[in-house]
Every structure is written in C-alpha cells, then in structure tokens.
Amino acid sequence: MKLLNALLGVTILFFTLNADDDFQSLLNEVTDIATKTKLNIDYQPSVVSILHADKLKKIGVRNLHEAIGTLPGVETSILHTGWKQVIMRGNYNPDTFIFDKYKLYIDGVDIGSDLYSTSYYYLDFPIELIDRIEVLRGSASTIYGPGAFSGAINVITKSSQSGVSDSVFISAGSYDYTKAGFVQHIKAGDWNIGIDAYHQHSNKELDAGKAFVHPYESAYLRSEHNSLEGFEDYSIGVTAKNDDFTVIGRYKSELTDNFYGLSEDIEPVRSGYQKNESAVLEIQNSFKISEDIILDSKVGLNHYTFKFDATIIQDVLGSGIVIRFQPTYTQLNSYIDTNIKGKNIKDHKWMLGLELKNIDTLKNTFGTTVRKKPDGTDEYLPSLQYLEGKQGFLDGENDQFVKSIYFQDIYSVNDSFDLSLNLRLDDYSYFNEMLSYRLGSVYRYDDNNIFKAVYGRSYRAPSYIEAFQAIQYGLKEGNKNLNSELIDTFELAYTHKNQNHILRANIFYSIMQDVIDRVENEPATLIGDYYNHNQRNSKGFELEFTYGFNNDAQLMANLSYVRTEYFTPDYLNPQLFQSPSISEVLSKVYLLYPIMKGLSINTALYYSGPKKGFEDGASYGSTMILDESVSYTIDKSSTLIFTAKNLFDASVVYPSYQGKHDGIKREGRNWLVTYEKKF
C-alpha cells in the first residue's frame, strides 16, 4: 500500500507539467488493424491499443508475451506444459486450456496453426526486434476470419520498417538466460531488404515438489523434483520491398523442456521435449487501378510442425510398464487473399474481398508405448510403436478447403460522425458456415472527445485437436460434429485527450454460445470428449490513462474488471460460477522517469486479483509484482538496461488444473541486463 501511495504521489507531483514532443505523437497514432484502412486509432470502430517497443524495453519487458500483458483486459500466464497464454477479456475455456481466442500476426502475416488453434510458440519473440504492437480487443472475425474471437494482434518488426536504425543486442539474466540478435537493412538495386535474427536460451528449473510426481510412478529416476523449463529458440526473418511488391519470409524453431509435464506430473526422466517449427512465406502486391481504387493481393504458405516426447510414467506401480508418447504432426496452409478498396463513392470508404485457403496434413504419426486395441482395451508395448492414419495423432488427414468473402463500408455522415458495416462469410469443408458481422459508430464531439459504439459477432472454428484427436491413452478424443464457437460483443468506448494526457475507457458485454469444452457424464451416443456447451456471458470495463511531462517523464496506467461465467463440464448437472484461473481485477502502472540526460529509472507495477482453482475449488490470492529498471544511454547509439524483476520476491502461483494445492509455482526475484548498439 505504501508503494502504491508513493506512485500516486509522483503522479500528483507532476500533474501540472506540460507534455514533451514525444508524447504529442501518441495523440494522433494511425493504424489499420481494425479496418485494413489507415485511420487514427481513436477513429477505428473498435477498441485499439498501440504498444511501442522502445518504451517497453525500458521497463524490462523482454518478449512479446510480456508486452501484451501490459494491456488492460489482458491476462497472461503459462500452462503446466509451459505454453504461454494470452487471455483477452476472460474468454478462456479452462477445461481445454490450450486453444487461443485471438489471432496473432507478424508484419500482417498469420503465423498460427490449426492443430491447437494457437500461436503460443511466437510469444517468446524478442522485444528488441519489434517496432510496435497493434492490438484490437473485441470481435475481429469480420476482418481476420474465424479465430479472431476476442481480438487480434499485429506485431510490426523493425526489419520491415524503413528509416529504422540497424542494431545488435545481447541480454543475460537469471537461470542462464541469454539472448542475442540483430536488425539489418540492405539496399539491393530496386529492392529494400530488411533482415532480423535472434537466438535465446535458458536452463530454468523451479522446485515443483513431490506433489507433482505421478502417484503410480515407481521408478522416478531424478534426484530432485524440479519443473524442467529450459529452451532453445531462434528465428530469422526477411522483408523485401520493391515498389508495389513486398515479400515476407520467416523461419522459427523452438525446442523446450516439458515443464510440469504433459499430464501435470513432472517427468521421471530428463529426455522429454517439445518442438515447434514454423515457416511462413507471403508475397503482397498493391496495384492502383485509379486514383480512388486500389487492388491489394497476397499469396502465401504457412508450414508448421509440432513434435513432443513425454514420459508420463517410467514404471507403473512396479509392473515395468512405461507410458511414453512421441507424436509428430506437420501441416501446410496455402492461401490467396485479394480485395479491392475504393473511395470513389462520396462519403464512403468501401472494401470487397475474397480469400481461399487450403489446409493439408503432411505428417500425422503417434509414437506410443500404449495402444488401444479394437475391443477398447489397452495393449502395452516394450518400445515406441508409431501409429499412422486413423490411429495417428489425429484421426486421419482431414484436409480442408476454406472459402471466404468479406465486405466493409465506412460511411462519413458528416465531419464528426462515421458509421461502419463489416460482413464476412467463411465456408469450411468440415465445419458449419460462419457469418460474422460488425456494426460500428464513431462520434467526434470535438478534437478532444470521441465516443464509440460497436456490436460485433465473431467465430472460432474447432481446432484439429478438438475435432479430430484420435483415440489414444490418456488423451481426449475429438468430436467431428462440433459447431464453431460464437460470441456477440457489445461495446461503448470514450476517449479524452489533450496536449498532456490521454484517457480511454470502455465497457463491454459478451454472449458466448456453442462453447467448446470437455464433457463429463455424457450419454453413450455423444462422440468424443469435447462438446458444445451452454451460453456463457462475460462483462467488464477497461480504463487506460497516459500522461506526458515536460521533463520527458511518462506515466501509463490501466485498470480492468472482467467477470466471465463458467459451467462445470458435467453433461447432466453443470454448475455455474466465476471462471477459474481468471483474475476479475487487473491493474498495471508504468512510470518512465529521467534522472538526468541519458539516465532514467523506470517502474512497472502489476496487480492481479485472486483466482479460483479448477477441480478442487482452491483459492489463489492476489499478486502484486514490482519491476524496477535502470536505463543508461552510454552514447547516442548505445543503451544499457538493467532490470530487477519481481523486486520484492512476491509469491506467484498459477492454479493447478489437477487440483494440486501447491499450484504451478513461478520464479521470485530475478534479473535481466540488455545491451543494444544502433548503427
């Protein structure tokens, strides 16, 4: 409490000062994330935020996951498998826990996978390679298609931007964490080429405790009970531009340990791993048909491979039986997206588009020591046997073709009032047709006060795991008869801004239908372990405040409240209560404060309210974390940043899905130092 009062005191002390020039640029930021038409973010018919990497670095943010977590209404965490999560506005199915409700783009390129409907393997992307992050909270399917259920995120890299300095960087931190990389721009004839690359590594282990050893384990071969959280991660990206053509390519490989284990039991041996490989290539063209009409087109490939090796039990109750899995899945998406934009009709900015996507399964195997026989009994094998086809990781290849058409119109009623309409129809081979739409209005009372009202409907198609997971020991069986999830969101937003501060506030109410979650006590006629559940509602508000001072100091603060309904998965008697693993109240405060020229002390304060556990109903208390950073500009091109993260060594515990009361423990106080050189 004393700390909070001190921060408020700093705020009051400088409230009468005027903003610096850097702050003025925030007042009129432009983005196209909500409409694919460049507009001031406060004129977009959605709730939009822009995060600037240079500021995030100063408060000790090291990657994309931490950056997104600075926003209101967004809660970040990890699963027991180590998979990073981004939960927008409480939209989270705790009994499935691995399927994202948002879509992630890098330089406008969709890098997600249909396997788990996720892109978590990009959330380690270093902040040093990022120029800015544009985030849309709310229904976004009309722009980005099914999957943009409660938001969309576009990361703009430094390598893709002209006029951005070349740089090299190196970091070191707790748990043998290291990171190094570069950004380079090259001129080759008529081509402007940007290249970025990085490598990062960690040997992190945390004490998990004996509660996370499987109760049937009789051959635990390790001398400790640590969660294994080490990883190797590297990537290279290229952006090449020539007049109206842009070529974007990126390869990323991530190899991680298995953290708390696939089934939330730490593994008895150290040989387990998870590997994600992602390669994307996209060619874009913008052709000016006339002064008021532009044709934008893009074609691309998205190649993704997921593989893991997990030993669940080394010796089942002394029987000598080993339970071990090693699946491999590879998918290739090919797509074409073309749209025509026009301003040739008075007071209208319109867009009409078509997208075609083909989803191919290239490899689908399941290595296992436990095989389901046709009669439903289990057969235990002396070594890994690799199953394919309907006995693979998924039940068959399940290739799909997706056809989409979309339309947008932004109508300027007058200089102060805009109305917008978005429609999109997506037709999948295996899933039901999805008609998304959004109605928005933006009213500019004057230059300082802006009001918005938005209603949108979005969808999330079932992931391949939810729909097609093959029958395997200990894993959920997919349900091919699932409907797509549906959400209707109503939003009211207000922005006030003047020369030294910006205030943005919004309230929202969402109605979710056909929620995909696991099911218990289901009738024998129900296929699989996933089911479309009853309606669930979510409501809340988000508040953002930014204040600029004439001494270059900047204060940023946000507060959000989200309450989401949750029904237990019991088919016969579902119980309703507040969604587990979600904090209703989140608050984040950031102060960038220059002490002298080239030296600043920067503070980040994170508060998350209490949470409920899953099956045991255990309570997990609120958490307040303070990060303190010192940023020193050695010369005009060199910067050194030292951060003490979780300075007061607060206890951070995420709920245990399996009801283990110690919970998923996270690290306490740790440190990070980064040196960056610009050229």
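Dividing the alpha-carbon Rg of the chain by 2.2 N^0.38 Å yields what?
0.95
What's the magnitude of the charge dipole for the chain around its Cα centre, counting Lys and Arg as +1 and Asp and Glu as -1 at the beta-carbon? Answer in Debye, nearest 20.
900
What residues qualify as long-range amide H neighbours of LEU362, i.e. H under 5 Å apart, gap of 5 or more or another chain, H built at 1.01 Å from N?
THR330, GLN331, LEU332
Under 1.5 on a/c is rounded, so check that first for the stretch 105-159, then, if it is not, pick prolate when a/b is larger than b/c and oblate when it is not; a ≥ b ≥ c are the square roots of the alpha carbon gyration tensor eigenvalues.
oblate
With no solvent and one point on each alpha carbon, what is the Debye value of log10 I(q)/I(0) for the stretch 542-631 at q = 0.13, 0.20 Å⁻¹?
-0.60, -0.94
Starting at the first residue of the stretch 117-127, write each ³J(HN,Hα) from the Karplus equation 6.51 cos²θ - 1.76 cosθ + 1.60 with θ = phi - 60°, in whole Hz, x for Gly and Pro.
Result, rounded to whole Hz: 6, 8, 9, 4, 6, 9, 6, 7, 4, x, 5.
Taking the Cα atoms of the stretch 311-411, what is the range of coordinates along each of the three principal axes, in descending order and whole Å?
Projected onto the principal axes, the Cα atoms of the stretch 311-411 cover 79, 23, 22 Å.
If exposed means no more than 10 neighbouring beta carbons inside 10 Å and the site is in a DSSP loop, what's the longest run of the chain without any exposed GluC sites (Glu not before Pro)?
The answer is 292-679.
Is the shape of the stretch 468-547 rounded, prolate or oblate, going by the alpha carbon gyration tensor and its root eigenvalues a ≥ b ≥ c, with a/c under 1.5 for rounded and a/b larger than b/c for prolate?
Because a/c hits 1.5 or more and a/b exceeds b/c, the stretch 468-547 counts as prolate.
Which chymotrypsin sites (Phe, Trp or Tyr not before Pro) in the stretch 31-126 sit in a loop by DSSP (not H, G, I, E or B) and have at most 11 other Cβ atoms within 10 Å of their own Cβ?
For chymotrypsin sites (Phe, Trp or Tyr not before Pro) across the stretch 31-126 that sit outside H, G, I, E and B with at most 11 neighbouring Cβ atoms in 10 Å, the list is empty.
Could you give each residue of the stretch 213-229 its phi-based ³J(HN,Hα) in whole Hz, using Karplus coefficients 6.51, -1.76, 1.60 with θ = phi - 60°, and x for Gly or Pro?
Here the 3J(HN,Hα) series is 8, 4, x, 8, 6, 10, 9, 5, 9, 9, 8, 9, 10, 9, 6, 9, 10 Hz.
Quick query: amide H of GLU485 versus all other amide H atoms, modeled in the peptide plane; which residues come in under 5 Å with a sequence gap of 5 or more or a different chain?
It is ARG460, by chain and number.
What aspartates and glutamates could a cross-link reach from LYS612, if we take a straight Cα to Cα line under 19 Å and drop same-chain neighbours fewer than 8 places away?
In chain and number order, the partners are GLU75, ASP95, GLU264, ASP517, GLU565, ASP570, GLU584, ASP662.
Given contacts defined as C-alpha pairs under 8 Å and at least six residues apart, what's the relative contact order of the chain, whole-number percent?
Relative contact order, the chain: 12 percent.
As a check on your grasp of the helix formula, calculate [θ] at 222 nm for the chain: sum -39500 (n - 2.57) over DSSP H runs of n ≥ 4, divide by the residue count, round to the nearest 500.
That comes out to -1500 deg cm²/dmol.
Ratio of alpha-carbon Rg to the 2.2 N^0.38 Å globular estimate for the stretch 161-244, to two decimals, please.
Scaled against compact globular proteins, the figure is 1.81.
List the lysines whose alpha-carbon lies under 21 Å from that of LYS288, not counting same-chain residues fewer than 8 positions away?
Within reach: LYS36, LYS38, LYS241, LYS298, LYS341, LYS343, LYS346, LYS349.
Please report Rg (one decimal) and Dmax (integer) in Å for the Cα set of the stretch 361-520.
Rg then Dmax for the stretch 361-520, in Å: 23.9, 75.
List the trypsin sites (Lys or Arg not before Pro) within the stretch 570-612 that DSSP assigns to loop and that have no more than 15 neighbouring Cβ atoms inside 10 Å.
LYS597
Report the charge-dipole magnitude of the stretch 519-607 in Debye, nearest 20, computed about the Cα centre from +1 at each Lys and Arg Cβ and -1 at each Asp and Glu Cβ.
Using Cβ point charges on Lys, Arg, Asp and Glu, the stretch 519-607 gives about 460 debye.
Tell me the trypsin sites (Lys or Arg not before Pro) within the stretch 34-112 that lie in a loop according to DSSP and have at most 15 other beta-carbon atoms within 10 Å.
LYS38
FYI, it's all coordinate maths here, none of it is from the lab. Just so we're clear, the structure is a prediction, and the values are computed from it rather than from any experiment. We place every Cβ from the backbone using ideal geometry, glycine too, and count neighbours over all the protein chains shown.
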